[in-house]
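The values are calculated or read from the model by the stated rules, or taken from the named source; none is laboratory data. Predicted, not measured: the structure shown is a model, and the values here were computed from it. Neighbour counts are summed over all protein chains in view; Cβ atoms, including those assigned to glycine, are modelled from backbone coordinates with ideal geometry. Each accessible area value is taken on the protein alone, full model and side chains, heavy atoms only, with ligands, DNA and RNA left out. Shrake-Rupley method; radii C 1.70, N 1.55, O 1.52, S 1.80 Å.
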Amino acid sequence: MIAFIVRRLLQSIVVMLVVALLAFSMFRYIGDPINQMVGVETSSEERAELRERLGLNDPMLVQFGRFAADAARFDFGVSYQHKKPVSELFADRLPATLELAFLSAVFALACGIPMGVYTALRRDAWLSKVFLTVSLIGISLPTFLIGILLIFVFSVWLGWLPSFGRGETVDLGVWTTGLLTVSGWKAALMPSITLGLFQMTLIMRLVRSEMLEVLRTDYIKFARARGLSDRAVHFGHALKNTLVPVITITGLQLGSIIAFAIITETVFQWPGMGLLFLQAIQNVDIPIMAAYLILIAFFFVLINLIVDLLYYAVDPRLRVDRATSAGH
Amino acid sequence: MARPVLQVDNLTVEFPTRRGTLRAVDDISFRIDAGEVLGVVGESGAGKSMTGTAVIGLLEPPGRISGGRVQLEGARIDHLPHDQMRRLRGQRIGMIFQDPLTSLNPLYTIGFHLTETIRTHTDRGEAEARARAIELLTEVGIPAPAQRIDQYPHHFSGGMRQRVVIALALCAEPRLVIADEPTTALDVSIQAQIIQLLKRLCREHGTSVLLITHDMGVIAETADRVAVMYAGRIVEVGPVREVVQNAKHPYTEGLMDAIPKIGGRTEDLAQIRGTMPRLSQIPAGCAFHPRCPRAFDRCRQERPELLDAGASRAACWLHAGEPAGAGTGRGGGERG
């Protein structure tokens with residue numbers, strides 16, 4: 001178990017280094033950083049001096065080492081457009097994105113799993129057919145369209161929910177949260193549904209097909225033959241076996257929820273990392289782009305690591321115990 | 001005569017399909033007395049497993065019992081509501097499936113399986129159920145049960161898992177156990193052990209057994225009586241000695257001849273020509289007549305019911321001439 005975690009951690013570090021290299025190369029190949037920083041009237045001597053002072057004349061490897069070491073301490077330099085440390089900008093924006101992603105994931109799981117179970121157990125019920133039809137819409141409609149439709153109905157038409165922003169937030173020191181105020185919740189409702197809808201339909205369909213598969217297995221038949229209640233068979237035996245693949249997909253999806261928040265954040269003007277990133281692209285603000293790339297990769301790696309550990313918690317076959325080798 | 005543990009009368013199981021309704025089990029009747037082992041043999045698709053599944057009420061839709069009666073200790077069980085039928089399963093009828101490797105949920109310990117089943121059928125608490133589980137594991141011959149109870153199915157070999165499955169089927173002391181090919185997935189050396197175990201436990205607890213298998217050897221060793229199935233019907237039923245040594249139906253004869261004998265002089269193993277018809281293409285008259293070496297006109301036109309033939313009964317016109325057998329009428333109710 002320890003060996004497994006160590007191995008996974010090492011792999012994660014390699015992945016992070018590769019991503020850091022990609023981010024680093026952006027500085028080298030998307031324009032000249034000096035040009036981004038100085039005005040037109042700066043003389044070439046001044047430019048050369050600045051180049052020397054920033055260490056841009058050092059060998060590549062040294063520069064990359066410096067970049068990676070700084071990145072490991074969450075120091076990504078100073079934003080060109082905001083003239084503020086990138087880490088500070090992200091610290092302001094990160095809570096907004098993570099809260100949005102968290103709410104979307106909770107929404108996707110809390111609706112997707114029960115709907116999947118229901119449609120698997122009651123295959124012929126009309127409600128199952130409704131769920132499946134709706135899920136088809138959820139899968140095929142692009143996110144921004146759903147967001148715009150929601151804004152149209154609930155903000156423009158009915159005027160119930162705000163169409164942009166985070167509402168009132170409460171500052172908890174390092175974290176500003178919108179989850180403690182009514183207006184924060186109201187503002188979060190539509191963006192999280194928009195962001196989570198696709199994941200929800202995906203999870204629902206996945207749970208449904210896995211559950212149908214599991215319900216056909218011999219151990220479910222045997223569980224029925226032992227006279228267990230439907231509840232015990234469906235939720236004790238079938239659902240737990242269904243969850244193994246669901247955990248993987250959900251983990252991967254959580255990563256993409258954070259990454260795809262860009263679109264939703266743009267539609268709802270949600271002050272998160274995605275919005276910051278989009279503005280950075282428009283202004284060729286490379287430190288922010290690099291930091292965003294590394295942060296997203298970091299979340300993916302972290303989530304994958306957690307998913308792998310969850311497997312161990314759910315599936316005993318993966319636990320290697322040397323004390324008891326297989327029977328006789 | 002004592003009340004039979006299981007009495008099945010004119011049981012018919014049908015599967016509606018787009019191309020018409022298929023009869024997987026066609027009008028069969030049999031009974032099992034207390035402590036008796038009834039073997040059911042036949043080729044794949046003869047309706048053996050379907051019969052067992054129908055008795056315990058686990059037919060998968062769209063399959064359904066379309067006719068006949070199933071009585072357990074005198075009470076009809078084929079029309080029980082879902083929840084009552086569920087309570088009866090495991091409690092009064094146990095079932096053992098073919099593949100012990102897939103019969104247990106890989107995510108739960110052996111102990112969880114056992115205590116869960118025990119607690120479903122009795123009002124024992126967790127600790128008592130666990131104690132009972134360890135007892136049961138001892139009874140089915142699992143060494144060091146107190147340690148192994150907390151292990152997962154993948155820690156057990158196939159034979160050991162089948163022992164656990166037997167413990168699970170017997171844990172509420174059911175009156176009847178349906179064993180559907182209990183040894184087919186096991187090594188030959190383990191098969192004998194499992195059969196011995198099943199026999200011993202059922203004798204000790206007075207449990208009756210419906211033993212479904214295609215292995216005549218297992219039947220000969222275990223069963224008191226045997227029913228031979230072909231194309232959804234029982235073609236011969238009788239005491240196991242009689243059926244094995246003195247088969248009355250040409251199909252049973254064919255089955256017996258197809259068993260390889262050590263020291264036999266024949267180079268080629270005898271086989272029955274042709275294959276069993278599909279359910280959608282069962283011929284008129286006796287379903288076996290196209291393959292039967294002794295078929296005559298009547299076989300092609302009229303379907304034979306079970307007729308008395310010595311100590312057993314056979315659904316074959318060859319025995320129509322014998323006295324006191326003919327004319328039992330439709331249903332061919334077996335006298336047992």
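Pop the C-beta distance of A:Lys83 and A:Phe164 into the FRET formula with R0 = 35 Å and round what comes out to the nearest 0.05.
Working from the Cβ atoms, E equals 0.85.
Would you mind finding the longest exposed-site-free stretch of chain A, with exposed trypsin sites (Lys or Arg not before Pro) meaning DSSP loop and at most 15 other Cβ atoms within 10 Å?
Here the longest run is A:217-318.
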Rounded to the nearest 10 degrees, the helix A:60-72 long axis (Cα) sits at an angle to the longest Cα principal axis of chain A of 50 degrees
Loop-resident GluC sites (Glu not before Pro) in segment A:1-61 with no more than 16 other Cβ atoms inside 10 Å, DSSP not H/G/I/E/B, are A:Glu41
Quick calc, segment A:63-126, dipole around Cα centre from Cβ unit charges on Lys, Arg (+) and Asp, Glu (-), nearest 20 debye, gives 80 debye
Placing +1 on each Lys and Arg Cβ and -1 on each Asp and Glu Cβ in segment A:127-265, then taking the dipole about the Cα centre, the residue among A:Ser128, A:Leu172, A:Gly255 whose Cα reaches farthest towards the positive end is A:Ser128
If unit charges are put on Cβ atoms (+1 for Lys and Arg, -1 for Asp and Glu) and the dipole of segment B:195-321 is taken about its Cα centre, the option from B:Ser280, B:Leu306, B:Met256 lying farthest towards the positive end turns out to be B:Ser280
Of the candidates A:Ala72, A:Asn35, A:Leu10, the farthest towards the positive dipole end of segment A:2-72 (Lys/Arg Cβ +1, Asp/Glu Cβ -1, centred on the Cα centre) is A:Leu10
With +1 on the Cβ of every Lys and Arg and -1 on the Cβ of every Asp and Glu, the dipole magnitude of segment A:2-72 about its Cα centre, in debye rounded to the nearest 20, is 600 debye
Largest-first ranking of B:Ser280, B:Ser208 by accessible area, probe 1.4 Å, whole protein assembly kept, is B:Ser280, B:Ser208
A 1.4 Å probe over the protein heavy atoms gives segment A:91-318 a carbon and sulfur accessible-area percentage of 71 percent
Ignoring ligands and nucleic acids, A:Thr133 exposes an accessible area, probe 1.4 Å, in Å² to the nearest 10, of 80 Å²
For B:Gly39, other-chain or 5+-apart residues with amide H closer than 5 Å (H placed, Pro excluded) are B:Leu211, B:Asp224, B:Arg225, B:Val226, B:Ala227
Taking a label point 7 Å from the Cα of A:Asp124 along Cα-to-Cβ, the residues of segment B:9-49 whose backbone nitrogen sits under 17 Å from it are B:14-22
Expected sort for B:172-178, B:78-84 on mean C-beta neighbours within 10 Å, highest first, is B:172-178, B:78-84
Label model pair A:Asp75, A:Asp308: point-to-point distance (7 angstrom along the Cα→beta-carbon line) in nm is 3.0 nm
Note on the protein assembly as shown, DSSP bridge orientation, antiparallel percent to nearest 5 equals 65 percent
Cα-based Debye curve of segment A:2-72 sampled at q = 0.11, 0.15 Å⁻¹ gives log₁₀ I(q)/I(0) of -0.40, -0.62
Computed over chain A: longest principal axis from alpha-carbon atoms vs helix A:126-140 long axis, angle to nearest 10 degrees, is 20 degrees
Across B:104-110, the residue-averaged tally of Cβ atoms belonging to other chains within 10 Å stands at 6
Rounded to the nearest 100 Å², the accessible area hidden between A and B, summed over both chains at a 1.4 Å probe radius, is 2700 Å²
Between the modelled labels at B:Ser189 and B:Ala320 (7 Å from Cα along Cα→Cβ) the distance in nm is 5.3 nm
1/(1 + (r/R0)^6) with r = Cβ-Cβ of A:Ile137 and A:Ala110, R0 = 22 Å, i.e. FRET efficiency to nearest 0.05, evaluates to 0.70
In nm, the gap between the two label points placed 7 Å beyond Cα toward Cβ at B:Ala144 and A:Val18 is 4.4 nm
On the formula 1/(1 + (r/R0)^6), with r taken between the Cβ atoms of B:His82 and A:Leu212 and R0 of 25 Å, the FRET efficiency rounded to 0.05 is 0.80
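Treating only the Cβ atoms of Lys and Arg (+1) and Asp and Glu (-1) as charged, compute the dipole magnitude of the protein assembly as shown about its Cα centre; round to the nearest 20 debye.
1500 debye
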Nearest 10, in degrees from 0 to 90: the angle of helix A:86-121 to the longest Cα principal axis of chain A is 20 degrees
Computed over chain B, the relative contact order (Cα-Cα under 8 Å, seq sep at least six) in percent reads 21 percent
